[in-house]
Structure formats: structure tokens, C-alpha cells
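First the structure, which I've put down as C-alpha cells, then a few questions once you've had a look.
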Amino acid sequence: MAIGELAALYGLAPHVLRHWEQMGLLAPARAPGGRRVYGAVDATRIALILLAKEAGLTLEQTRYLLTEAADKQARAALYQQHGELLRGRIAAAQESLAIIEHAAACDADDITVCPRLREKVAARLPAGLRPDGGARPASAY
């Protein structure tokens, strides 16, 4: 398959596949004349790269995991570290969702006077500016 065909199947521009090749993430076969020829192995590799990107891994991390990391422990350490990062992002997103859901259902005529929202705002203020002198309230959501 030609580079343009495969890139189009994934909704990518051909230059993305060329970049990934330059980074060592892809190694397509070459036809006479030097044209890239992609096969099923390359299509699978692209799917892996896209999954890694969706998970928030950098291209450098992805290359390390797919090409350089022969050591299972090193791969596991990177996955565990990234898992912690994702858990933090998920927790922050869940808290944000709780705030949004509360705001959507809040009975206050003006959301800025809602006691629960005001508590969240106070928690975001620098310690010296908080009305309570610096203590962070527990989450109400």
C-alpha cells in the first residue's frame, strides 16, 4: 500500500508517517525506485502508535516502548509512571465534572454565590488570600 493510501485510512497526512519513520517508529519496505510500501505489519504499528498517543505517551516514549526497551522491567516502570500520571488526570477530570454537574443543577440564581462553588474557589486561592487563613477544605463534591 502507498503512503497516501495508508495515511488516509487513519485520517493522517502522509508527512506524519514520514515523521514517524524518521523517528524510528515505522520501517516500511521499499519498492524499486525507493517508494515506501506499507503492509499489515505497518498498519498494526500505526494503530499502536495512535493508541499510545491517545493514552498520552509521547512519541519518544512510544519509540522507547516499541523499539528500544528490551528490558521488561524498564517498560513496566514507564507504564507504571504513566499510569500514575493518568490516574491524577482522571481524578482532576472527575472533580471538574462534579463541579460542572453541580453548577448545572444548582438552585442559586447566581452560581458565584453558591456555597459549594465558593468553597472550591477558596481552595484555589493562595494560602495568604484564603478567608480561613490557608487551610484547604475537603472536597464537597
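Coordinate-derived values only; no laboratory data. In this text, all values refer to a predicted model and were calculated from it rather than measured experimentally. We place every Cβ from the backbone using ideal geometry, glycine too, and count neighbours over all the protein chains shown.
What residue among Asp110, Asp42, Asp71 has the largest mean-square fluctuation in a Gaussian network model of the chain, using Cα springs under 10 Å?
Fluctuation is largest for Asp110.
Still on this model: Give the residue list of chymotrypsin sites (Phe, Trp or Tyr not before Pro) in the stretch 1-86 that are DSSP loop and have at most 14 other beta-carbon atoms within 10 angstrom. List each step's numbers first, then the result.
Working: sites: Tyr10, Trp20, Tyr38, Tyr64, Tyr79; in loops: Tyr10, Tyr38.
Qualifying residues, ordered by number: Tyr10.
Out of Pro32, Leu9, Pro126, whose Cα points farthest toward the positive end of the dipole of the chain (charges: +1 Lys, Arg; -1 Asp, Glu; placed on Cβ)?
Value: Pro32.
I want the local charge near Ala2. Using Cβ-Cβ distances under 11 Å, sum +1 for each Lys or Arg and -1 for each Asp or Glu among the other residues.
+1
May I ask you to list the GluC sites (Glu not before Pro) in the stretch 11-68 that are in a DSSP loop and have at most 12 other Cβ atoms within 10 Å of their Cβ?
Passing both the DSSP loop test and the Cβ count: no residue.
May I pose another question? Among Leu26, Leu129, Leu117, whose mean-square fluctuation peaks in a Gaussian network model of the chain (Cα, cutoff 10 Å)?
Highest fluctuation of the listed residues: Leu129.
Placing unit charges on C-beta atoms (Lys and Arg positive, Asp and Glu negative, everything else neutral), compute the dipole magnitude of the stretch 3-58 about its Cα centre in debye, rounded to 20.
For this selection, approximately 160 debye.
Which residue fluctuates most in the GNM of the chain (Cα springs below 10 Å): Arg45, Arg130, Arg36?
Among Arg45, Arg130, Arg36, the largest mean-square fluctuation in the Gaussian network model of the chain belongs to Arg130.
Right, next: Dipole of the chain, Cα-centred, from +1 at each Lys and Arg C-beta and -1 at each Asp and Glu C-beta, to the nearest 20 debye?
500 debye
Using helices alone, I'd like the mean residue ellipticity at 222 nm for the chain: each DSSP H run of four-plus residues gives -39500 (n - 2.57), total over residue count, nearest 500.
Values: 6 runs with 80 residues, N = 141.
Estimated from H runs of four or more residues: -18000 deg cm²/dmol.
Taking the Kirkwood radius as the inverse of the mean 1/r across Cα pairs, report the Rg/Rh of the stretch 72-129. Display every interim value, and only then the final one.
Values: Rg = 17.4 Å, Rh = 14.0 Å.
Over the Cα atoms of the stretch 72-129, Rg/Rh equals 1.24.
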